[in-house]
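The values are calculated or read from the model by the stated rules, or taken from the named source; none is laboratory data. If you're wondering where the values come from, they're calculated on a predicted model, not measured in any experiment. We place every Cβ from the backbone using ideal geometry, glycine too, and count neighbours over all the protein chains shown. Note: accessible area is taken over every heavy atom of the protein model, side chains too, but ligands, DNA and RNA are not part of it. Shrake-Rupley method; radii C 1.70, N 1.55, O 1.52, S 1.80 Å.
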Amino acid sequence: MTLLAEFAAADDLLDAIKRARGAGYSRLDALAPFAVSGLAEALGIRPSRLRVVMFACGAIGAAAGFFLQVWMNAIDYPLNTGGRPLVAWQAFMLVTFEFAVLGAAVGGFVALLWRTGLPRLHDPLFAVSGIERASQDRFFLVVDGGDPKFEPEGTRAFLEALRPIAVRETST
Amino acid sequence: MIRPLTLAAGLALLVLAAFLDLSLALRGLLFAWAFCLGPALGALALLLTHGLTGGRWGDALRPTFAAFTATLPWLALVAVVPAFFLGSLYGWPHGLEERPGVGTYWLNEPLFLARAALSLGFLAALALFLPAGRRAGVGVSAVGLVLYVVAVTVVALDWLMPLDPKWVSTTYPALVAVQTILEALALAALFRAATEPAVAEDLGGLLLAALLAVVYLAFMQYLVMWYSNLPEKVAWYAAREAGFWPVLPVLAFLAGGLVPFLVLLPRASRRDPGTLAVMGGLVLLGVLLHLAWMVLPAGPGGWVLLPAAGGGLLVLGGLALALPTGHRQREAKRGAHGAHDA
């Protein structure tokens, strides 16, 4: 079971996160209809490592693009264009850049899907009544049932004390 | 204490260089002038841009940028010195034989001086009358920015590009203009103008973007000319391939481009004013080397360029740092406090 506290304002959510963390809860999540500034910091989420993956994939893409051109123009089918050198790095830079962008984009996309477990057809949260308002005007604090401090009655009482609009729970 | 000495040493170097070779001394002075004018021109563009976009970065950095722009009228006046020796500096009408129209209608002394007075006068007036205490209005910023682009284009086309009279590049004015913005941002970072992490992050992001723009423009200009392989276009690069000149752009790219780019990629280093200051210094060094490579190897060379450029940097750099810019900074800070109270 996972418990959710529903709030009407972003500040209430941030305040609730602060107090939940102060009470020792660690497996917290938040649902909000827009990017709330300070939310990631309040939840203690570390900076995403996605950009490291994207940088590495971009570098691999750039190298692949560059050496593909070197191989094609200088080794596989040497072609003298206007007396320019076969390995004309100046002219190769455009495709190299495009491949860097392609590598970073594809790598980032795949890594994002893999890390987030998407595409996911169902999540117990989807069945919570009123959850659709998380993408409209409501802010939810999610306390995972796997949290070491989680106990169905105590946690519910704690969330009620935060004065939310409602406390909701998942069926499983 | 040290300032009069620096100025005297710089002046002595300049005068010595002028006695040895007037043309080379003037070219060295022109390079130093372009470099020292950079932060003022760039800061002006950033203040006008902030008038249109708003944002935390501009409010926090306005005192610094206002102080930079306060040097513009003085440095514009310095242009009077090379203006007296245009013949020695550009060698007109030599180099314009194949295109006599250019000499008749654009590159001649009366028209050059008229354009210089108009463009530099406009930029100096803009720097003088732009409010330091508050964000510039949207209308003033929009009109100012459009005219600013025209004025900076004229300055780049008139003062720097004719050093190679047969060479034409449509990217060149944009490259010069964007490089001044990069220079202003780098100097602001070096001076630790951003003390809060959030503002430092904005400054770091802007620095990164301006750096990419300069590298992009410089490379595209090179690629297009390298690819078209036309003698009069390639000659500009060929002149800069001789001797030790190729070392400059390579060093500028590595120390002032690649290293700051990689270091500033992680968000944490952009939020740290100390890291930002070091990277700002490196970028500034890169701009110095790149500009030196763009300006100094135009025409016959000689070791006289070294004392001329060094003396020019000492005199104009010392002048820019010693100029009374404090009142603009105080005005801007008062404005910021006023906004806080209100």
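Is there a residue being open to solvent by 30 Å² or more (accessible area, probe 1.4 Å), farther than 26 Å from B:Leu306 by Cβ and part of a helix (DSSP H, G or I) anywhere in segment B:86-100? Yes, some residue in segment B:86-100 is open to solvent by 30 Å² or more (accessible area, probe 1.4 Å), farther than 26 Å from B:Leu306 by Cβ and part of a helix (DSSP H, G or I). Residues in segment A:151-171 that are assigned to a loop (DSSP other than H, G, I, E, B) and within 25 Å of the chain's Cα centre (by Cα): A:Thr170 alone. In segment A:121-130, the condition of being in a helix (DSSP H, G or I), within 14 Å of another protein chain (Cβ to nearest Cβ) and in contact with a Ser or Thr (Cβ under 8 Å, 6 or more places away or on another chain) is met by no residue. A:Trp114 fulfils the conditions (1) of a type outside the set (Gly, Ala, Ser); (2) open to solvent by 70 Å² or more (accessible area, probe 1.4 Å); (3) within 30 Å of B:Val234 (Cβ to Cβ) except for a single criterion, (3). Answer with yes or no whether A:Val101 is modelled with pLDDT of 95 or more, open to solvent by 60 Å² or more (accessible area, probe 1.4 Å), in a helix (DSSP H, G or I) and within 14 Å of chain B (Cβ to nearest Cβ). Yes: the conditions hold for A:Val101.
Residues satisfying the criterion are absent from segment B:243-252 (criterion: at pLDDT 95 or above and under 16 Å from B:Leu206 (Cβ atoms)).
The residue that is surrounded by the most Cβ atoms within 10 Å (Cβ to Cβ), counting only those in segment A:79-93 that are more than 8 Å from chain B (Cβ to nearest Cβ) and not in a loop (DSSP other than H, G, I, E, B), is A:Phe92.
Of all residues in segment A:52-75, those being among the β-branched types (Val, Ile, Thr) and over 25 Å from B:Ala268 (Cα atoms) number 2.
Within segment B:110-129, is there a residue that is outside any helix (DSSP H, G or I) and of a type outside the set (Phe, Trp, Tyr)? No - not one qualifying residue is present in segment B:110-129. Of everything listed in (1) open to solvent by 10 Å² or more (accessible area, probe 1.4 Å); (2) away from every other protein chain (no Cβ under 14 Å); (3) touching a residue at least 24 places away in the same chain (Cβ under 8 Å), the single unmet condition for B:Met220 is (2). When A:Gly108 is tested against the conditions (1) modelled with pLDDT under 85; (2) crowded, with 16+ Cβ neighbours inside 10 Å, the lone failure is (1). Condition check for B:Pro39 on (1) open to solvent by less than 10 Å² (accessible area, probe 1.4 Å); (2) within 22 Å of B:Gly121 (Cα to Cα): one failure, at (1).
Let me confirm something: among A:Arg133, A:Arg120, which residue is over 18 Å from the mean Cα position of the chain (by Cα) and under 30 Å from A:Leu14 (Cα atoms)? After applying the criteria, what remains is A:Arg133. Checked across segment A:10-26, the condition of being away from every other protein chain (no Cβ under 14 Å), in contact with a strand residue (DSSP E or B) (Cβ under 8 Å, 6 or more places away or on another chain) and open to solvent by 40 Å² or more (accessible area, probe 1.4 Å) holds for at least one residue. Here is the figure for segment B:199-245: residues that are of a type in the set (A, V, I, L, M) and more than 19 Å from B:Pro173 (Cα to Cα) total 10.
For (1) of a type in the set (A, V, I, L, M, F, W, C); (2) buried (at least 18 other Cβ atoms within 10 Å of the Cβ); (3) more than 24 Å from B:Thr53 (Cβ to Cβ); (4) without any contact (Cβ under 8 Å) to a residue 12 or more places away in the chain, each residue gets a yes or a no:
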{"site": "B:Leu212", "(1), (2), (3), (4)": "yes, no, no, no"}
{"site": "B:Leu230", "(1), (2), (3), (4)": "yes, no, yes, yes"}
{"site": "B:Ala235", "(1), (2), (3), (4)": "yes, no, yes, no"}
{"site": "B:Glu241", "(1), (2), (3), (4)": "no, no, yes, yes"}
{"site": "B:Leu264", "(1), (2), (3), (4)": "yes, yes, no, no"}
{"site": "B:Ala268", "(1), (2), (3), (4)": "yes, no, yes, yes"}
{"site": "B:Pro273", "(1), (2), (3), (4)": "no, yes, no, no"}
